[in-house]
């Protein structure tokens, strides 16, 4: 990993070229997860949140010391978190946001995108029933990086977000249907923004959760 300081904020290697760390979100008053892609295809931070204090400062300095600005990709616009701090510290950092959420982001969005687009690091965005949120597929590690639509908890180790998190007129069944195409992927692990990562039988677990909504 070419990011000195990741260990200090609890970085954990999930697969070749992929790491995950967890930080406390003061507004949510709970831990949230962030991901890193470091491969020949690029260096990408997904939904990054750096903790306050010396460890977070050291991690930010480590990012700067890499000598190459990262790309930041958000699963949903309000996961901008530490994006502004990183962009201010490291000129040339790019910020990729699903196009319907661009106007809601405080930092300058350099690259609006749509579901289906190829993104830095080889990531591919897939649509969900939440119009402004995507899930990110990493073909190299066969991993799915998720913001809020799936939670790392429940009987199967993964479950749909509560209906209260969905837009008006969108049901849990609608969400399940929108995620159905993910079962066509050779899925090995799911890295949700909330809860534990699912690193075994991920596709089977997701199929069971989606079928329960039919």
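The values are calculated or read from the model by the stated rules, or taken from the named source; none is laboratory data. Everything quoted here is computed from the prediction, not taken from an experiment. Backbone-built Cβ (ideal geometry, glycine too); neighbour counts: all protein chains shown.
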Can you tell me which residue is surrounded by the most Cβ atoms within 10 Å (Cβ to Cβ) among those in region 108-120 that are without any contact (Cβ under 8 Å) to a residue 24 or more places away in the chain and assigned to a loop (DSSP other than H, G, I, E, B)?
109
Inspect all residues belonging to region 138-158 and state whether any of them is out of contact with any strand residue (DSSP E or B) (no Cβ under 7 Å at 6 or more places or on another chain), more than 16 Å from residue 20 (Cα to Cα) and buried (at least 19 other Cβ atoms within 10 Å of the Cβ).
no
Name the pairs: first residue in region 76-91 and closer than 26 Å to residue 166 by Cβ, second residue part of a helix (DSSP H, G or I), Cβ to Cβ under 6 Å, at least 6 apart or on different chains?
77/101; 77/104
Region 166-189, subset over 18 Å from residue 115 (Cβ atoms) and in contact with a helix residue (DSSP H, G or I) (Cβ under 9 Å, 6 or more places away or on another chain), residue surrounded by the fewest Cβ atoms within 10 Å (Cβ to Cβ)
186
If the requirement is being in contact with a helix residue (DSSP H, G or I) (Cβ under 9 Å, 6 or more places away or on another chain) and modelled with pLDDT under 95, which of these qualifies: 139, 131?
131
Are any residues in region 28-47 more than 16 Å from residue 147 (Cα to Cα) and loosely packed, with under 13 Cβ neighbours inside 10 Å, and if so, which ones?
29, 40
Please verify whether region 185-204 includes one or more residues that are at pLDDT 95 or above, in a helix (DSSP H, G or I) and under 18 Å from residue 136 (Cα atoms).
yes
Under the condition of being touching a helix residue (DSSP H, G or I) at 6+ places or on another chain (Cβ under 8 Å) and not in a loop (DSSP other than H, G, I, E, B), which residue from region 4-15 is surrounded by the fewest Cβ atoms within 10 Å (Cβ to Cβ)?
8
For region 42-58, what are the residues that are closer than 21 Å to residue 165 by Cβ and outside any strand (DSSP E or B)?
47, 49
Restricting to region 75-95, name every residue that is over 19 Å from residue 26 (Cα atoms), under 20 Å from the mean Cα position of the chain (by Cα) and not in a helix (DSSP H, G or I).
75, 93, 94, 95
Selection count where residues are touching a residue at least 24 places away in the same chain (Cβ under 8 Å) and within 17 Å of residue 66 (Cβ to Cβ), scope region 1-17:
10
For region 46-73, enumerate the residues that are closer than 15 Å to residue 120 by Cβ and free of Cβ contacts under 8 Å to residues at least 60 places away in the same chain.
48, 68, 69, 70, 71, 72
From 62, 67, 53, residue being crowded, with 17+ Cβ neighbours inside 10 Å and over 16 Å from the mean Cα position of the chain (by Cα):
62
If I filter region 96-107 down to residues being closer than 20 Å to residue 118 by Cα and over 13 Å from the mean Cα position of the chain (by Cα), which single residue comes out as surrounded by the most Cβ atoms within 10 Å (Cβ to Cβ)?
101
List the number of the failed condition for residue 123; all other conditions in (1) crowded, with 18+ Cβ neighbours inside 10 Å; (2) touching a helix residue (DSSP H, G or I) at 6+ places or on another chain (Cβ under 8 Å) hold.
(2)
Hey, among the residues in region 16-41 that are in a strand (DSSP E or B) and more than 16 Å from the chain's Cα centre (by Cα), which one's modelled with the lowest pLDDT?
39
